[in-house]
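Structure first, commentary second.
The values are calculated or read from the model by the stated rules, or taken from the named source; none is laboratory data. It should be emphasised that the depicted structure is a prediction, and the values quoted were computed from it without experimental measurement. Note that we place each Cβ from the backbone using ideal geometry, even for glycine, and neighbour counts take in every protein chain shown. Calculation scope for accessible area: heavy atoms of the full protein, side chains included, ligands and nucleic acids excluded. Shrake-Rupley method; radii C 1.70, N 1.55, O 1.52, S 1.80 Å.
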Amino acid sequence: MCNFVAVSSVRDHEDAIKQLVLQCLVILSEDTFHETKQLSEAVEILFGLRFPEHQIEQAIDGLLQDQMLLRPTGAGIVMQPQLRGERQAAIQAAKDLECRVRDEWLETVALSSPALPLDGVWKALRDYLAQAFRRHGMQAVALLDPNTGTGLDQAEKLSSLLNSALEANVEREYHQDARAAISSFLAEAGKHANRSRYIAELGDGAFNYFSLTVDPKVAKEFRERVSELTLFLDTNFLFGILDLHVNPHVQVSHDLLRAVEDYKLPFKLRYHESTAREMAATIDYYGSVLKSRHWTQSLSRAGVKSRCLSGIEMKYHERNAAIPMEPGVFIKPYEHLDALLDDLGIKIYRPNDSRLQERSDLLNRYEGFLKERNREKPYESIEHDATVLDAVRMLRSSVASSLEAGALLITCDYMLYRFDWETCRADRKHACTVLPNIFWQIIRPFIPSDPSFDKSFAETFAIPEFRTIGSGATKACSKMMCLLAGYSNVSEETAARLLTNDLLIDQLRTEDDQQRFAQCVEMAIADDNQALLEERAALAKQIEREKEARIAAEQEQERERQERLDAEERRDLERQQLEREIVDAKHALDEQEVTFANESRLSESQIQQANQDIEKERQARKGAEEKAEQEAKSRKKAEHVAECYAIAAGLLLSLVLIIGVEWLIFHYRWKWLLTHPNSYGLQVCFGQSSLDWG
């Protein structure tokens, strides 16, 4: 269903097929498609829808022409990359929404019913939603084309669908808590934006899915325009918009009237004159019941907790529980229903034809239908339903779509809706009744999206099935309220327990004798009082046990307190002893400080004398070092002078020797040397030798 939400906004049969082809390519992104037949089979496998291959081929050609699909050579059919990313994001967004709804709801369930297996409850909810939306989608699309293959299972009760979902996913010991959790998921959908959006998207997806099974010509005609219709509004619908009825369709009924006015939809709103009579009689009856007793606020608060009071009584007790109100004041505005309905744009319809035989036959069939299903309904209500249904059928034409037949009856009575659809299918005629949420589903494509519409639409899937005014349980609960109002000593808690006791109400619904009825109620009060006495006795014992436990606890606390006092006394003694020891230690420390001070003064004079001796010794050592340094400098200087004298003497001696040698050579005319080829070199050598010797 999350994958199918992406095509929920299309308004054309051909466009829907194109969207399904694109969805296949996104979901089966790893597969390669070369032929039309492959994509046709993929659509059938993924969505269970079979289309002629030429329609798939036309869709592919259109997508290729729009460049939404590409056909590269040898690569098969592929989606344009940007479009693929957008489609994947849309699918992921739908899945993310489901995850958020699941996490938020399961967190609430875990707090209210910690023992429930959360995985099983979530699977049961999903199974129930799948079946409920399947039924809803088939019912809605049947208005477009009654010839669609809607099986008998489309009329199965929501409670039966829930039971089967629980049997398949939750252990029997948890069924009651799981049923309550799932019922609250739907009944409180309007309080949670994500939940409302989730349910609305699934409803739209289911309707659009089944609308693909309708004849394309019929679907196209519907999507292009809304036909003019005369909408006959049943008693329970009218009581709902007058705030005198309690069922999940009340808010969506208000939304329907608002949409008709705001968006100028081509609908004429009418109510049959027999409906006017039934409404007046119902208000008179319950007005007399309310006026016959004085209703305390405490009893009204108890009555509000009942699930079986009629809408009129429930609304009165809701107001009286908040602010004291006389029944006459409450009933007064509804004495002129024609004026109230006229202000809402709803006109009365007065038929001209007398169809006694047709109405009689229809009434007999309706009575038999209700008896077969063990459903109770007053004869006056059955006669009213048959009269209105016959009038609507008379106005209808034999066109292809129920929406184009000219008239529809909008009712919150599920049994009347089911009777009409089953008998019309058997007679091969168009059904003419529709529940408000199904009709709302039909016109949703023609009005702008509105979160408030989604909330009220989501709540119409709540359980249990819608009650009808005048049922045995309603009468029994009303009579019990009247009896309780006559008792002055019945507490609010007792009244609430009686009015919510389904077994007691089921027992009273078949009791016609007023005396035995009163006896049953009195016995129930006595049993409740006995239970209260037993509960009180058990409570007294519990209080006594708690008192004994409290006394024991107090004694234990007193013992612990005494032990703490003793411990504190011991700590005080220890502290005092420690303080004395500290004082003694302080005195001893003071004495030590005095002794140390005296010793410190002696030590200071000795240290001063030692410092003076050290200074003298240092001065002496410094003088010796300076004297030694001066002697070393003198010795070094003398050595340097002696060295200079020695060098000078050596040079002088060498020079004398060289001169002496040269004088001898030239004086004695040493011929060999003078005539030798190397005479000068030899002379230099002799001179150098003389120099070295010197």
Q. Pick from segment 75-110 the residues that are hydrophobic (A, V, I, L, M, F, W, C) and in a loop (DSSP other than H, G, I, E, B): which of them is nearest to Trp122 (Cα to Cα)?
A. Ile77
Q: State the number of residues belonging to segment 416-446 that are open to solvent by 10 Å² or more (accessible area, probe 1.4 Å) and either touching a Cys at 6+ places or on another chain (Cβ under 9 Å) or at positive phi (or both).
A: 2
Q.
Taking the conditions exactly as written (open to solvent by less than 60 Å² (accessible area, probe 1.4 Å) and touching a Lys or Arg at 6+ places or on another chain (Cβ under 9 Å)), does Ser300 satisfy them or not?
A. yes
(Q) Would you confirm, using the coordinates I've provided, whether Arg497 is under 17 Å from Arg307 (Cβ atoms) and without any contact (Cβ under 8 Å) to a residue 40 or more places away in the chain? (A) yes
**Q.** Positions within segment 48-68 being touching a residue at least 40 places away in the same chain (Cβ under 8 Å) and open to solvent by less than 20 Å² (accessible area, probe 1.4 Å), in sequence order
**A.** Leu49, Ala59, Gly62, Leu63
Q: For Thr108, indicate whether it is surrounded by 13 or more Cβ atoms within 10 Å (Cβ to Cβ), at negative phi and within 35 Å of the chain's Cα centre (by Cα).
A: yes
Q: Residue by residue through segment 662-671, note down the ones that are at pLDDT below 70 and assigned to a helix (DSSP H, G or I).
A: Lys671
Q: For residues that are free of Cβ contacts under 8 Å to residues at least 24 places away in the same chain and open to solvent by less than 50 Å² (accessible area, probe 1.4 Å), scanning just segment 29-42, find the one that is nearest to Ala89 (Cα to Cα).
A: Ala42
Q: Report yes if some residue within segment 246-268 is free of Cβ contacts under 8 Å to residues at least 24 places away in the same chain and part of a loop (DSSP other than H, G, I, E, B); otherwise report no.
A: yes
Q.
For segment 447-464, check the following and say yes or no: at least one residue is surrounded by fewer than 19 Cβ atoms within 10 Å (Cβ to Cβ), over 30 Å from Leu161 (Cα atoms), modelled with pLDDT under 80 and not polar (S, T, N, Q).
A. yes
Q: Could you please let me know if Asp127 is buried (at least 17 other Cβ atoms within 10 Å of the Cβ) and at pLDDT 85 or above?
A: yes
Q: Kindly check whether there is at least one residue in segment 466-488 that is among the charged types (D, E, K, R) and touching a residue at least 40 places away in the same chain (Cβ under 8 Å).
A: yes
Q | Verdict on Leu290 being of a type in the set (A, V, I, L, M) and under 30 Å from Ile443 (Cβ atoms) | A | no
(Q) Residue pairs, Cβ under 6 Å, 6 or more apart or interchain, first in segment 676-687 and modelled with pLDDT of 70 or more and open to solvent by less than 50 Å² (accessible area, probe 1.4 Å), second among the basic types (Lys, Arg) and not in a helix (DSSP H, G or I). List them. (A) none
Q: Can you work out which of the residues in segment 482-503 that are part of a loop (DSSP other than H, G, I, E, B) and more than 36 Å from the chain's Cα centre (by Cα) is modelled with the lowest pLDDT?
A: Ser488
Q: Name every residue in segment 204-242 that is at pLDDT 70 or above and of a type in the set (Ser, Thr, Tyr), in order of residue number.
A: Ser227, Thr230, Thr235
